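Notes follow the structure.
The values are calculated or read from the model by the stated rules, or taken from the named source; none is laboratory data. Just so we're clear, the structure is a prediction, and the values are computed from it rather than from any experiment. Ideal geometry is used to build each Cβ from the backbone, glycine not excepted, and the neighbour counts take in all protein chains shown. Keep in mind that these areas ignore ligands, DNA and RNA; they rest on the heavy atoms of the full protein, side chains included. Shrake-Rupley method; radii C 1.70, N 1.55, O 1.52, S 1.80 Å.
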Amino acid sequence: MSKDFNVEQTRDAKQVPTRIAFIKGRTAARVRKEDAEMVMTFPNLVVKEIIAFEVMVILLAVLSLIIDAPLEWIANPEHTPNPAKAPWYFLGLQELLHYFPPVVGGVILPALAVMALIVIPYFKINIKREGLWKEHRRETFLTLVVAVGIVSLVLLLFKVYAMVMPTLIMTGFMLTPYFIKREHGFIAWLGHRPLSWWVMTWFVMVVVVLTAIGTLFRGPEWGWTWPWEGIY
Amino acid sequence: MKSLWQRLFASQVWRSMFRHGLPESNRTRAEAIFYNFFLHIHPTKVRKRSVKFSYTWGLGGLSFGLFIVLTVTGALLMLYYRPSVPQAYWDMKDLQYVVSSGQFLRNMHRWAAHAMVAVVFLHMLRVFYTGSYRPPKEFNWVIGVVLLVFTILLSYTGYLLPWDQLAFWGISVGTNMARAVPFGVGDNISFLLLGGNIVGENALVRFYVLHCFVLPVAATMLMGIHFWRVRKDGGV
Ligand code: HEM
């Protein structure tokens, strides 16, 4: 005899407990979740959206009254500025080009970064996002040291100190909970960060550092200049 | 006074436009959402947690807000701009010195464009750190990454249009980067983008078409899908 319902188990990514749903034969296979508290979209969300938008427009308008968009001399292919800079969001890349050969800095690394971003949600390794040090502490430690060692060596080989520094600082933070065990506070919080968190935070740090260097600290011949010596 | 308003809201003309009454009860509040073309992208109820500003920082909404500001100011700028060499540059000068509020218009467009790159990036970080990319939201994250790339491309194609030194050399540096793609592919990409081997008038027209038509239309469609999927994936 066939049952008139199926039992399905589902694990919602956001909440820890496993939910069990009884799905009747003819209804859509969907797990309803009514545990979160709901509010009416109007006015609760709509009003906030309007306020946020208006504040943003006001800030933009004030900024536009104070600071003028730059306009230099008419384009002149004969006259190359030194340094020639792309807009700020590409200066991290331009900084990479300074260290690596063009194929690596201009093509492979950015392509890898975009690909890495795309595949993030398809890593099913640690969907509950458990802390890095939760299990296999010793193996984790060894893997981490080896991995960071190799990455740092390669970076040192190309003299990319701008990436070595954030890498080592991050590793320092990563290792702190391994050596100093705490139940509460900052170190305990660090200990609960999953690997994905560390990788992303490292990525963001590198992007910010490289972009900042390219924007504020690079002058003629892409040489190091301090911001007070002029921003190019 | 009050009765005047009430008569207005009850009048046939008003009711032909807005079918619901004043949003005073939960029923009419729900109607205010789903009878409205623009608002019905929202569900009538949302999770209390996700409305909290400190959860999303409003960054996705602000990305869209900036896009709207850019569309409006961009359309106005198009009235004064011709994508030809050297006219493009003189049109910029006219915007600065001849057109009323022209400089202000240009400033708004410029700063909103820079802000959008930053805000979209921050939105991505918010989504990451709240873990909102996990199933069933995987594909919306992917759409988001494409949107980030499009946002940067929009900003970048616009960068050439003033045809000043900043524009010319900024684009030259970038397209030289594209040339580094091996096996001659890079040269082809760069040739396709510039309509030639150097940044010249062909490049200006191509960037203009990309910036004012192709990319905004593509980005609008992607945003539509992005918002639709936020709901289909179960809301924020
Ligand atoms: C033009 C750019 C973009 C616009 C206009 C946009 C807009 C939005 C809006 C309005 C939301 C609703 C929640 C919120 O405001 O945070 C949202 C959610 C979301 N966005 Fe974006 N977004 C953009 C780019 C991105 C990027 C670059 C990513 C990631 C790579 C991304 C991934 C997501 C995901 C996964 C959600 C669902 C989040 C959740 O359910 O908590 N979006 N987006």
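Would you confirm whether or not segment B:121-129 contains a residue that is surrounded by 15 or more Cβ atoms within 10 Å (Cβ to Cβ), within 12 Å of the ligand (Cβ to nearest atom) and either within 14 Å of B:Ala219 (Cα to Cα) or β-branched (Val, Ile, Thr) (or both)? Yes, that holds for at least one residue. Can you name the residue in segment B:19-67 that is surrounded by fewer than 16 Cβ atoms within 10 Å (Cβ to Cβ) and among the aliphatic types (A, V, I, L, M) and is also farthest from the ligand (Cβ to nearest atom) among such residues? Per the criteria, the residue is B:Leu22.
The set of residues in segment B:136-158 that are open to solvent by 30 Å² or more (accessible area, probe 1.4 Å) and either assigned to a helix (DSSP H, G or I) or without any contact (Cβ under 8 Å) to a residue 24 or more places away in the chain (or both) comprises B:Glu138, B:Phe139, B:Val146, B:Val149, B:Phe150, B:Ile152, B:Leu153. Within segment B:124-135, how many residues turn out to be more than 20 Å from B:Thr151 (Cα to Cα) and at the interface with chain A (Cβ under 8 Å from one of its Cβ atoms)? Final tally of qualifying residues: 4.
Considering (1) within 29 Å of B:Val149 (Cα to Cα); (2) away from the ligand (no atom under 16 Å from the Cβ), the lone condition that A:Tyr89 does not fulfil carries the number (2). Based on this model, can you work out whether B:Val117 counts as β-branched (Val, Ile, Thr), assigned to a loop (DSSP other than H, G, I, E, B) and modelled with pLDDT of 95 or more? No. Taken residue by residue, segment B:78-92 has at least one member that is open to solvent by 80 Å² or more (accessible area, probe 1.4 Å), more than 9 Å from every other protein chain (Cβ to nearest Cβ) and basic (Lys, Arg). In segment B:184-200 there is at least one residue matching the filter, namely being away from the ligand (no atom under 16 Å from the Cβ) and in contact (Cβ under 8 Å) with a residue 40 or more places away in the chain.
Inclusion of B:Val117 among residues that are within 13 Å of the chain's Cα centre (by Cα), assigned by TED's automatic domain parsing to the domain that holds B:Gly60 and more than 8 Å from the ligand (Cβ to nearest atom) is warranted. For segment A:115-153, filtered to residues that are away from the ligand (no atom under 16 Å from the Cβ), not in a helix (DSSP H, G or I) and not hydrophobic (A, V, I, L, M, F, W, C), the residue that is surrounded by the most Cβ atoms within 10 Å (Cβ to Cβ) is A:Gly131.
A Cβ distance below 6 Å, combined with a sequence gap of six or more or placement on separate chains, defines the contacts here; from segment B:89-107, residues that are under 26 Å from B:Gly200 (Cβ atoms) reach residues that are open to solvent by 70 Å² or more (accessible area, probe 1.4 Å) in the pairs B:Asp91/B:Tyr80; B:Asp91/B:Arg82; B:Leu95/B:Tyr80.
Within segment B:91-105, the set of residues being assigned to a loop (DSSP other than H, G, I, E, B) and either within 23 Å of B:Pro216 (Cα to Cα) or out of contact with any helix residue (DSSP H, G or I) (no Cβ under 9 Å at 6 or more places or on another chain) (or both) comprises B:Val98, B:Ser100, B:Ser101. Taken as a whole, the condition of being in contact with a helix residue (DSSP H, G or I) (Cβ under 7 Å, 6 or more places away or on another chain) and either within 29 Å of A:Ile120 (Cα to Cα) or not assigned by TED's automatic domain parsing to the domain that holds B:Gly58 (or both) applies to B:Val236. From the residues in segment B:93-108 that are within 13 Å of chain A (Cβ to nearest Cβ) and among the polar types (S, T, N, Q), which one is most open to solvent (accessible area, probe 1.4 Å)? If we take residues in segment B:93-108 being within 13 Å of chain A (Cβ to nearest Cβ) and among the polar types (S, T, N, Q), then B:Ser101 is most open to solvent (accessible area, probe 1.4 Å). Sub-9 Å Cβ pairs linking a first residue in segment A:204-224 that is of a type in the set (Lys, Arg) to a second residue that is open to solvent by 30 Å² or more (accessible area, probe 1.4 Å), at least 6 apart or interchain, are A:Arg218/A:His98; A:Arg218/A:Trp224; A:Arg218/A:Tyr232, ordered by first then second residue. Would you point out the residue of segment B:131-146, among those that are near the ligand (Cβ under 6 Å from one of its atoms) and over 20 Å from the mean Cα position of the chain (by Cα), that is nearest to B:Trp57 (Cα to Cα)? Among residues in segment B:131-146 that are near the ligand (Cβ under 6 Å from one of its atoms) and over 20 Å from the mean Cα position of the chain (by Cα), the one nearest to B:Trp57 (Cα to Cα) is B:Ser132.
Residues in segment B:120-135 that are among the basic types (Lys, Arg) and at pLDDT 95 or above: B:Arg126 alone. Taking segment B:201-236 as the range and being farther than 17 Å from B:Gly144 by Cβ and either among the β-branched types (Val, Ile, Thr) or within 16 Å of the ligand (Cβ to nearest atom) (or both) as the test, the residues that pass are B:Val205, B:Val209, B:His211, B:Val214, B:Pro216, B:Val217.
A quick yes/no check of all residues on (1) in contact with a strand residue (DSSP E or B) (Cβ under 8 Å, 6 or more places away or on another chain); (2) at the interface with chain B (Cβ under 7 Å from one of its Cβ atoms); (3) at pLDDT below 95:
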| position | (1), (2), (3) |
| --- | --- |
| A:Ala36 | yes, yes, yes |
| A:Phe42 | no, yes, yes |
| A:Phe53 | no, yes, no |
| A:Val57 | no, yes, no |
| A:Asp68 | no, yes, no |
| A:Leu71 | yes, yes, no |
| A:His79 | no, no, yes |
